[in-house]
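The values are calculated or read from the model by the stated rules, or taken from the named source; none is laboratory data. Small disclaimer: the values here were computed from a predicted structure and weren't measured. Here the Cβ positions follow ideal geometry from the backbone for every residue, glycine too, while neighbour counts run over all protein chains shown. Surface areas here come from the heavy atoms of the whole protein model, side chains and all, with no ligands, DNA or RNA. Shrake-Rupley method; radii C 1.70, N 1.55, O 1.52, S 1.80 Å.
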Amino acid sequence: MALIISLAASWIPSYWSDEVATLRASRLSWHELFAFVEHKDAVHAAYYSLVKLWVGAFGESELATRSLSAIAVAAAAAGLVVLVASATSVRMAVVAGLIFAVLPRTTSMGSEARSFALSAAVAVWITVILLVAARTKSWRWWAAYSALGAAGTYLFLYSVLIFAAHLVYLLLHQRVRSILVPWLIAASAAAATALPILLMSVTQKDQIAWLADQPVVNAWTILVEPAFDSSWLVAATAWCALLLLAYRAQKKAPGPQRGLFRLAGVWFIVPPVLLLTADALIGPLYTARYLSFTVPAIAILLAIACTMPARSIVAWILVAALALASVPTYIAQRGPFAKNGGSDLSQIADYIRSNAATGDGIYLQDTGSITLRPRQALYAYPDAFTATADIAFEAPFTATGTFSDRTRSLAEIGPQLVGVHRIWVVTAGSLDSDAAREAGAALQPMGFVEATTHTTNRSLITLYEG
């Protein structure tokens, strides 16, 4: 069910800039990819490698690329059922799995071509392995714990914070002495294996410098966005349940439930506390979606809260209420402009595909905020632009060491216009934007006049004829 919920209509929204980065990296040869990540996005190298294999088998459509995340969500939900059932009951396990599947952050990361859903799956299964290893005291399980922890760190760097949550949980465990030493060995081995990516992330820390200009640390981004995306309704419902019912679970629940409550509690609390502390002391590191791997913990806490009433029907009513509260956000996440506040890259590509003729020039704005640049459409849907000549292009992104090609401004494209009689200019904003006015001012002296205009969700497509 989790797979179906995340996968349904995931192909409708346009790609956005982060997903475009995934696509561009996956198109590189293996040699080019490993050379590129020496300068940029080393922390995503393992994910890009996985996606490269995935799109090689299934293609680059929105459904194909996002299905990997939907499968990861299903794996996380399955692991959550195993985890909760091993500690309490099948009923609570099913409730936890269902809640996880419908939480807005889950349905968001399950329909996006990024590594967040995989990080959640790793967090769930490494926690399952931790409990098995602690119970059996088998070194084979500790070795599996170490290996999965290292792999998870390579897939998504912040997944390393799950080790801190596990440490706090073990310190709260009554039999910690017999568990802590093998855990320390396993965790240290995982950290040592992941050391190259940890060190490289420090050398490339400037790539998240953009966080300094974002209002990313406030009550909304701490209490709502990590698990509930943009849904204040689900957040309010969930926080009421947690504050009113989960507290009772800690006080009155049987021993196994109290142990599960502590595990989920530290999983939910420790990573954001550490990340916020690092953000305050070191520099900008925090953004809500980086904590996607804590969403399963929220689902466990909500499952405990929902199953506290003695009557099963009450539990299912509470789950249904939470699911119903999630519906508006779920529908919004599946709209054509759902990504990044209205990404219209597919709309741009569709219009150019339908209206451009062979030999036409194409100029897509490549300045301003990278998430709003119309040139991202060329990278997201290259097949739509095959009939046109990219008159701004100078050098590929592999030469710049970023995800942006080196391009010319409109004022510099004169030599590229020999034999070009029509130019499609795509700018961010409306007809009266600075970029649109500057385009007209640059092309008119070259003998081009405005013929038609077409507005997409947040871009303007103008045809100039000469």
Handout entry: Hydrodynamic radius of the range 114-177 per Kirkwood, over alpha carbon pairs, in Å
Key = 12.0
Practice task
Treating cross-link reach as a plain straight distance, find the aspartates and glutamates whose alpha-carbon is under 19 Å from the alpha-carbon of residue 205, omitting any fewer than eight places away in the same chain.
Solution key: 18, 38, 41, 213, 279
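Can you give the accessible area per residue of the chain, in Å², using a 1.4 Å probe?
42
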Completion exercise
One finds the C-alpha centres of the range 87-116 and the range 362-400 to be spaced, in Å, by 36
Exercise for the section: Just need the relative contact order of the chain here, percent rounded to a whole number, with Cα pairs under 8 Å and 6+ apart. Expected result: 18
Handout entry: Using alpha-carbon coordinates, inclination of helix 116-136 to the longest axis of the chain, degrees
Key = 20
Exercise for the section: Before anything else, pin down the relative contact order of the range 74-114: Cα pairs under 8 Å, at least 6 apart, normalised by residue count, whole percent. Expected result: 31
Completion exercise
Per principal axis, largest first, the Cα atoms of the range 331-454 extend in Å by 47, 35, 28
Practice task
Could you let me know the centre-to-centre spacing of the range 250-329 and the range 441-462, using Cα atoms, in angstrom?
Solution key: 50
Practice task
Quick one: work out Rg over Rh on the C-alpha atoms of the range 238-396, Rh as Kirkwood radius.
Solution key: 1.20
Practice task
Working from Cα positions, state the angle (0 to 90°, nearest 10) between the long axis of helix 176-193 and the longest principal axis of the chain.
Solution key: 20
Practice task
Kindly state, to the nearest 0.05, the FRET efficiency for residue 185 paired with residue 450, given R0 = 60 Å and r defined as their beta-carbon distance.
Solution key: 0.30
Problem - Distance (nanometres) between label positions extended 7 Å along Cα→Cβ at residue 437 and residue 218 - result: 3.0
Problem - Relative packing of peptides 125-137, 288-300, 324-336 - highest average C-beta neighbours within 10 Å first - result: 288-300, 125-137, 324-336
Handout entry: DSSP bridge orientation in the chain - percent antiparallel, rounded to nearest 5
Key = 70
Practice task
Compute the long axis of helix 17-27 from its Cα atoms, compare it with the longest principal axis of the Cα atoms of the chain, and write down the angle in degrees, 0 to 90, nearest 10.
Solution key: 80
Handout entry: Portion, in percent, of the accessible area of the chain that falls on carbon or sulfur, probe 1.4 Å
Key = 65
Fill in the blank from the handout: Sorted on mean Cβ neighbours within 10 Å (highest first), peptides 185-198, 33-46 come out as 33-46, 185-198
